[in-house]
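Colleague: Below are the structure tokens for one structure; questions will follow.
The values are calculated or read from the model by the stated rules, or taken from the named source; none is laboratory data. Just so it is clear, the model here is predicted, and its values are computed rather than measured. Please note: Cβ atoms are built from the backbone with ideal geometry, for glycine as well, and neighbour counts cover all protein chains shown. When the accessible area is computed, the model is the full protein with side chains, heavy atoms only, and any ligands, DNA or RNA have been set aside. Shrake-Rupley method; radii C 1.70, N 1.55, O 1.52, S 1.80 Å.
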Amino acid sequence: MIKKAVIPAAGYGTRFLPITKSLPKELLPIIDHPTIEFIVNEAIDSGITDILLIVSSNKNAIIDYFDYNLELETILLSKNKYEEYGIIRNIAQGANIHYIRQREQLGLGHAVLQAEAFVGNDPFAVLLGDDMYVGKGKPAIRQMIDAYNEVESSVLGTIEVDYKDTSRYGICIPKGEKKGKLVELKGVVEKPKVEEAPSRSAIGGRYVLTPTIFSYLKNQEKGAGNEIQLTDAILRLMGEEKVYSYDIEGKRYDVGNKIDYIEAILDFGLEKEELRENLQKLINKKSK
Ligand code: UTP
């Protein structure tokens with residue numbers, strides 16, 4: 001049973017400077033909720049009971065967001081604002097949230113390594129703090145946990161991207177023919193040059209990994225971008241254990257990317273009863 005999830009959220013968020021100078025990228029609002037809350041809720045809705053958020057020294061606002069704010073609660077209650085009280089009181093109920101600081105931002109692989117003691121000897125889920133999935137079906141990480149239960153090996157969640165975009169992702173090299181959404185991998189390469197991309201199957205911010213990964217992360221050398229890459233450690237893990245990719249069903253927003261971020265706000269706004277009509281009118285007016 002996979003009950004633990006790790007959410008790395010310690011990166012600098014340089015694509016969103018200057019706002020990320022003081023506001024963590026993961027707290028960028030999708031209207032009135034921060035991005036990371038959608039990701040925490042995805043984990044909770046997938047049966048995860050313990051979530052480790054990997055943060056850094058200037059990301060205390062994330063910790064505050066998931067804590068109670070007793071002063072604000074008292075004020076809301078004194079003003080009979082029960083609905084607002086309920087909204088802030090119920091944030092991320094349903095799982096224990098733990099924190100650890102990555103003391104130096106040496107890369108995603110190094111961030112995940114900070115979770116070793118928390119994870120112990122069981123397989124675990126990884127959800128990147130800036131990749132959001134929505135869909136009518138099962139949550140993205142639930143789909144992957146189910147895939148893990150089928151193959152009992154590490155599974156990388158994938159999306160299909162255009163060849164021109166492959167240099168932004170970890171790209172999978174399948175071993176054989178795809179059976180449904182799962183395929184065993186023979187390799188994976190982080191941010192290949194477009195002309196060298198082995199496929200269009202890109203890792204989309206979701207992983208279920210066996211704890212064997214830690215023995216590779218511990219001595220992983222720096223790779224693309226001069227960072228300790230999770231993808232490079234996974235490639236070495238393939239020498240010891242099978243690793244599969246799984247095509248995630250659902251719409252993905254890379255909230256670290258400005259156009260995806262704006263699209264997420266529009267889509268979520270259109271889902272909100274109280275905003276839908278006026279937002280639709282606004283969109284129609286602007287697109288004339
Ligand atoms: P990204 O490369 O998307 O995030 O890393 P970033 O470095 O914050 O953003 P840019 O590219 O500079 O705009 C993927 C995930 O890994 C985390 C990030 O927080 C993000 O969720 N990460 C990355 C860490 O936790 N630690 C690191 O050292 C690097």
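Colleague: Where residues in the range 50-72 are open to solvent by 50 Å² or more (accessible area, probe 1.4 Å) and of a type in the set (S, T, N, Q), which of them is farthest from the ligand (Cβ to nearest atom)?
Modeller: 69
Colleague: Does residue 205 qualify as being in contact with a Leu (Cβ under 9 Å, 6 or more places away or on another chain) and on the phi > 0 side of the Ramachandran plot?
Modeller: yes
Colleague: Here is a further query. If residue 221 meets every condition in (1) in a loop (DSSP other than H, G, I, E, B); (2) more than 22 Å from the chain's Cα centre (by Cα); (3) at pLDDT below 95 apart from one, which number is that one?
Modeller: (3)
Colleague: Return the pairs, sorted by first residue and then second, in which the second residue is open to solvent by 30 Å² or more (accessible area, probe 1.4 Å) and acidic (Asp, Glu), the first residue lies in the range 204-218 and is within 15 Å of residue 114 (Cβ to Cβ), the beta carbons are less than 6 Å apart, and the residues are 6+ apart or on different chains.
Modeller: Listed by first residue and then by second, the contacts come to 214/116.
Colleague: Could you tell me which numbered condition residue 132 fails, if it satisfies all but one of (1) away from the ligand (no atom under 14 Å from the Cβ); (2) hydrophobic (A, V, I, L, M, F, W, C); (3) crowded, with 21+ Cβ neighbours inside 10 Å?
Modeller: (1)
Colleague: What are the pairs, 6+ residues apart or on separate chains, where a residue within the range 52-70 that is closer than 18 Å to residue 88 by Cα has its Cβ under 6 Å from a residue that is of a type in the set (Ser, Thr, Tyr)?
Modeller: 63/99
Colleague: While we're on this one: Keeping to the range 29-44, report how many residues are outside any strand (DSSP E or B) and open to solvent by less than 10 Å² (accessible area, probe 1.4 Å).
Modeller: Residues that pass the stated criteria total 5.
Colleague: Another question, if that's okay. Sort through 11, 47 and tell me the only one that's surrounded by 16 or more Cβ atoms within 10 Å (Cβ to Cβ), among the small types (Gly, Ala, Ser) and more than 10 Å from the ligand (Cβ to nearest atom).
Modeller: When all the criteria are applied, what remains is 47.
Colleague: Condition first: out of contact with any Ser or Thr (no Cβ under 9 Å at 6 or more places or on another chain), closer than 29 Å to residue 229 by Cβ, modelled with pLDDT of 95 or more and small (Gly, Ala, Ser). Can you find one or more residues in the range 55-77 that meet it?
Modeller: yes
Colleague: Quick one: which of 80, 90 is open to solvent by 90 Å² or more (accessible area, probe 1.4 Å) and closer than 16 Å to residue 38 by Cα?
Modeller: Exactly one residue qualifies, and that residue is 90.
Colleague: Right, next: Please enumerate the residues belonging to the range 224-246 that are more than 19 Å from residue 6 (Cβ to Cβ) and part of a loop (DSSP other than H, G, I, E, B).
Modeller: Correct list: 238, 239, 240, 242.
Colleague: Does residue 137 fit the bill of being open to solvent by 30 Å² or more (accessible area, probe 1.4 Å) and within 30 Å of residue 262 (Cβ to Cβ)?
Modeller: The answer is yes for residue 137.
Colleague: Using the structure shown, decide if residue 288 is over 18 Å from residue 123 (Cβ atoms), over 18 Å from the mean Cα position of the chain (by Cα) and open to solvent by 60 Å² or more (accessible area, probe 1.4 Å).
Modeller: yes
Colleague: Taking the condition of being among the hydrophobic types (A, V, I, L, M, F, W, C) and touching a Lys or Arg at 6+ places or on another chain (Cβ under 6 Å), how many residues in the range 128-152 meet it?
Modeller: Final tally of qualifying residues: 4.
Colleague: Given the conditions (1) surrounded by fewer than 14 Cβ atoms within 10 Å (Cβ to Cβ); (2) within 22 Å of residue 95 (Cβ to Cβ), which single one is not true for residue 22?
Modeller: Unmet condition: (2).
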